[in-house]
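Novice: Pasting in a structure now, in structure tokens, and then I'll have a few things to ask.
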Amino acid sequence: MEPSADVVVLTALPVEFRAVSHLLHDQSTLVHPQGTSLVKGKLPGLGGTVAVARIGAGNLTSAAIAERVRQWLRPQALLFVGVAGGLKPDARLGDVVVSTKVYHLHPGK
């Protein structure tokens with residue numbers, strides 16, 4: 001059987017990965033042939049499975065791993081979540097920020 005996940009959550013930092021992965025029950029590990037490792041489990045009260053990976057920083061690396069995981073696990077949703085430390089001052093810790101557009105202007109901030 002091919003590996004799958006209903007939702008994939010990608011994170012850059014260890015603290016972000018821990019915040020998501022500790023919520024998952026019935027955990028198992030998925031490892032892509034090229035080495036990308038994810039923790040898969042279930043969120044209490046929700047149907048389906050969630051897989052989470054810490055992919056590190058860097059726009060190009062993130063994009064490549066996101067595409068790899070999308071093709072491999074074929075999730076219904078793929079999210080990148082994090083602490084968003086570079087946002088404007090009016091976004092406070094704990095706020096949820098959702099983009100309507102994503103631009104790749106250059107590989108740095």
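The values are calculated or read from the model by the stated rules, or taken from the named source; none is laboratory data. The structure displayed is predicted, hence computed values, not measured ones. Here the Cβ positions follow ideal geometry from the backbone for every residue, glycine too, while neighbour counts run over all protein chains shown.
Novice: Restricting to the range 27-75, count the residues that are out of contact with any Phe, Trp or Tyr (no Cβ under 9 Å at 6 or more places or on another chain), among the hydrophobic types (A, V, I, L, M, F, W, C) and within 20 Å of E16 (Cα to Cα).
Specialist: Residues flagged as out of contact with any Phe, Trp or Tyr (no Cβ under 9 Å at 6 or more places or on another chain), among the hydrophobic types (A, V, I, L, M, F, W, C) and within 20 Å of E16 (Cα to Cα) within the range 27-75 amount to 11.
Novice: Just to be sure, is G56 touching a residue at least 40 places away in the same chain (Cβ under 8 Å), in a loop (DSSP other than H, G, I, E, B) and in contact with a helix residue (DSSP H, G or I) (Cβ under 7 Å, 6 or more places away or on another chain)?
Specialist: Answer is no for this residue.
Novice: Out of V20, V15, I need the residue that is of a type in the set (A, V, I, L, M, F, W, C), loosely packed, with under 13 Cβ neighbours inside 10 Å and part of a helix (DSSP H, G or I). Which one?
Specialist: Sole residue among the options that is of a type in the set (A, V, I, L, M, F, W, C), loosely packed, with under 13 Cβ neighbours inside 10 Å and part of a helix (DSSP H, G or I): V15.
Novice: Is it the case that A84 is among the hydrophobic types (A, V, I, L, M, F, W, C), modelled with pLDDT under 95 and not in a helix (DSSP H, G or I)?
Specialist: Yes, satisfied.
Novice: Has the range 2-12 got at least one residue that is surrounded by 17 or more Cβ atoms within 10 Å (Cβ to Cβ) and either in contact with a Cys (Cβ under 7 Å, 6 or more places away or on another chain) or part of a helix (DSSP H, G or I) (or both)?
Specialist: No, the range 2-12 contains no residue that is surrounded by 17 or more Cβ atoms within 10 Å (Cβ to Cβ) and either in contact with a Cys (Cβ under 7 Å, 6 or more places away or on another chain) or part of a helix (DSSP H, G or I) (or both).
Novice: Looking at this structure, is G48 in a loop (DSSP other than H, G, I, E, B) and not hydrophobic (A, V, I, L, M, F, W, C)?
Specialist: yes
Novice: Still on this structure, please answer the following. Report yes if T29 is assigned to a strand (DSSP E or B), exposed (fewer than 14 other Cβ atoms within 10 Å of the Cβ), over 12 Å from the mean Cα position of the chain (by Cα) and without any contact (Cβ under 8 Å) to a residue 40 or more places away in the chain, otherwise no.
Specialist: yes
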